[in-house]
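J.: One structure is given below, represented as structure tokens, and several questions about it will come after.
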Amino acid sequence: MGPLTEVRPKKGSVPSQPFKGVFGPLMNFLIVVITAAALVSASAVTPPFPTKENPQAMTSTHQDLVAFFQEWREFQRPTVLDGVPDYTAKAMTVQHAALTGVWRPRLQAMNTAAWPLAARNDYKIVEAEFNGLDFDHRVLKPWATDPSFYVLALDGESDVPAREGPVHLAATDLWAYLPPLAAADVSRLRARLSVIPRVLDQARLNLIGDVRDLWAIGIRNAAAQKRILEEFAAGARAAHPELASDAMKGAAAFDAFGTWLKDRLPQKKGRAGVGIENYNWYMRHVHLSPYTFADEVLLMERELSRARAYLALVENDNQRLPALAPIDNAEELHRLFGQGVTDFMKFLETNNVMAVKPWMDQALREREGGFQAPNERDFFAQIEFRDPRVMRCHGTHWFDRARAKHEPHESIIRQTPSLYNIWDGRAEGLATATEEILMGAGLFNDRPRSRELVYILVANRAARGLAGLKVHSGELTVDEARHFAHINTPRGWLREDGSTNWGEQQLYLQQPGYGTSYLTGKLQIEELLGNLAHTQGNSFSLRRFFDEFHAAGMMPVALIASELR
């Protein structure tokens, strides 16, 4: 991510007008409406894409869509003024007016009736992104309601196509800058760190929300940001004292921001969640999911019950076997992790599960974590420190990341990570489904106790997802949701106040549907796999299924299913 630069209003956007005084707000609103109408009128005279008024142009193509998509992505980004992205109320009002008055009519003017299925699916992806930005403006308004939107220092690489949840344009992947740095990188990073105090100054003006849970989570994150920047400064000081100084100024800014949030927390009384009606709209129009809120509640409850039941069954089957002993030293973890990757890759190839590419083995080996003492282990460490192969199934996320680099999809739209986590059911769903699919294919036949870990994972995700749903419906607060997820996770492995529980419930609140995507995506994939196996009979090939599924790209499972049937 490069330095932020000042830019002029983008082509096709509605310029803001700095009227002030008693009638200023009214004048600004009228200008937005009139300018948007003028832009729509202008586009009708010489439309860039087909419209009813211009039937000769009814030959729009997929190439037109790609060009439009690239323009759209520029529009979707906020304008940057003096290095600071403009998320002010005025700028966001202007952006939403342009979205509805200019950009959506341009998209809707395209005639896709004669397009191939794959091209029509690309159109649906772009349309879903439009709906995501519209939902942000109408419902979520993260720049105005969520202090955690102003998290700017990212200290770990995401295993999915793009960062989970809403991300501020000024956020920086600190993990990608490991001192000593080249001069160009130092300059780039200094430019990004230097804007932190001014971004947080703008945040104080933008944040007007009343949701207590979001405010409380924001206080935690402000403290975490301070710590991350201080740690970065400590590591950079010897090689780059100037970077360390910038990072410490950012840390001080977050310390002050946290105090500002704390001072206002007692005034915040609102309940968290978008409500069932908004949730249903979002699932249907942004994530292209076939499930409603009620469907997801039923599915999460069913998966939780099923996982508990089958955990009891495999525990009964394994009762004469010794329990899985946790790894108790760093050397053994390193050895078993490496052996786990070797065994996992051999299983994929020997059992003809999927095409094994040269870059896949390294994609997994690069993700070895460090040793943790028993009293430090949260949920996923409890799994990892008993059989590293289990989390290598979910680690196929890293196959997706490597595939995007080594074998990018031919469609620009599909090779570009979708906004608003539209990919969550595909990315999280496949990683989760792979755990149980490979268990069924025999991955843990040599170590039956590891089957217990798979069902514990399913139960945990069902408990977390159900808790997140109950927050959006207003049934639970975030604190109550964390307790719910804790008590419904087998063996007490999910700490109620642990970073995993906090982080997951924050994400599910910020990004509706993410908490259930692990299992709703998994269920869609299992349905597709089962239907293909049934219709193809003896000709069904697990390898062909996975290879075709991967080749379809990172898009909602419903669209993939339409192309594989």
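The values are calculated or read from the model by the stated rules, or taken from the named source; none is laboratory data. Remember, predicted model here, so these are calculated numbers, not experimental data. Neighbour counts run over all protein chains shown; Cβ positions are idealised from the backbone, glycine included.
J.: What do you reckon, is ARG204 among the charged types (D, E, K, R), at pLDDT 95 or above, under 18 Å from ASP155 (Cβ atoms) and surrounded by fewer than 19 Cβ atoms within 10 Å (Cβ to Cβ)?
T.: no
J.: Mind listing just one residue for me: the one in segment 378-396 that is in contact (Cβ under 8 Å) with a residue 40 or more places away in the chain and in a loop (DSSP other than H, G, I, E, B) and, of those, surrounded by the fewest Cβ atoms within 10 Å (Cβ to Cβ)?
T.: Of everything passing the filter in segment 378-396, ASP378 is surrounded by the fewest Cβ atoms within 10 Å (Cβ to Cβ).
J.: Taking into account only those residues within segment 161-216 that are in contact with a strand residue (DSSP E or B) (Cβ under 9 Å, 6 or more places away or on another chain) and of a type in the set (S, T, N, Q), which is farthest from HIS137 (Cα to Cα)?
T.: Among them, the one singled out is THR172.
J.: When you go through (1) assigned to a helix (DSSP H, G or I); (2) in contact with a His (Cβ under 8 Å, 6 or more places away or on another chain) one by one for ARG495, which number turns out not to apply?
T.: Every condition holds for ARG495 apart from (1).
J.: Would it be correct to say that GLY515 is touching a Phe, Trp or Tyr at 6+ places or on another chain (Cβ under 9 Å), surrounded by 17 or more Cβ atoms within 10 Å (Cβ to Cβ) and not hydrophobic (A, V, I, L, M, F, W, C)?
T.: yes
J.: For segment 468-511, what are the residues that are surrounded by fewer than 24 Cβ atoms within 10 Å (Cβ to Cβ) and hydroxyl-bearing (Ser, Thr, Tyr)?
T.: Correct list: SER473, THR477, SER499, THR500.
J.: Here is a check on your reading of the model: is SER411 among the hydroxyl-bearing types (Ser, Thr, Tyr), more than 25 Å from GLU526 (Cβ to Cβ) and touching a residue at least 40 places away in the same chain (Cβ under 8 Å)?
T.: Judged against the criteria, SER411 is a match.
J.: Where in segment 190-287 are the helices (runs of 4 or more DSSP H), entirely inside, with at least 2 residues that are in contact with a Lys or Arg (Cβ under 6 Å, 6 or more places away or on another chain), touching a residue at least 40 places away in the same chain (Cβ under 8 Å) and not assigned by TED's automatic domain parsing to the domain that holds SER517?
T.: Per the criteria, 212-236, 241-264.
J.: Also: Take ARG389 and tell me if it is modelled with pLDDT of 95 or more and within 24 Å of ALA330 (Cα to Cα).
T.: Working: modelled with pLDDT of 95 or more: yes; within 24 Å of ALA330 (Cα to Cα): yes.
Yes: the conditions hold for ARG389.
J.: Looking at segment 270-301 only, could you name the residues that are touching a strand residue (DSSP E or B) at 6+ places or on another chain (Cβ under 9 Å) and charged (D, E, K, R)?
T.: ARG271
J.: Which residue out of PHE399, PHE371 is in a helix (DSSP H, G or I) and at pLDDT 95 or above?
T.: PHE399
J.: With respect to LEU457, is the statement that it is surrounded by 23 or more Cβ atoms within 10 Å (Cβ to Cβ) and among the aliphatic types (A, V, I, L, M) true?
T.: Judged against the criteria, LEU457 is a match.
J.: Being more than 21 Å from GLU436 (Cα to Cα), within 25 Å of the chain's Cα centre (by Cα) and part of a helix (DSSP H, G or I) is the filter here, so list the residues in segment 506-563 that pass it.
T.: GLN506, LEU507, TYR508, LEU509, GLN510, ALA551, ALA552, LEU559, SER562, GLU563
J.: Please list, ordered by first then second residue, the pairs with beta carbon atoms under 7 Å, 6 or more apart or interchain, first in segment 313-324 and over 16 Å from ASP446 (Cβ atoms), second surrounded by 11 or more Cβ atoms within 10 Å (Cβ to Cβ).
T.: Partner pairs satisfying both residue conditions: GLU315/GLU452; ALA323/ARG449.
J.: Give all pairs with beta carbons closer than 7 Å in which a residue from segment 487-512 that is over 24 Å from MET283 (Cβ atoms) meets a residue that is surrounded by 20 or more Cβ atoms within 10 Å (Cβ to Cβ) and small (Gly, Ala, Ser); count only pairs at least 6 apart in sequence or on separate chains.
T.: Once the first residue is over 24 Å from MET283 (Cβ atoms) and sits in segment 487-512, its partners that are surrounded by 20 or more Cβ atoms within 10 Å (Cβ to Cβ) and small (Gly, Ala, Ser) give THR489/ALA459; THR489/ALA463; PRO490/ALA459; LEU494/ALA485.
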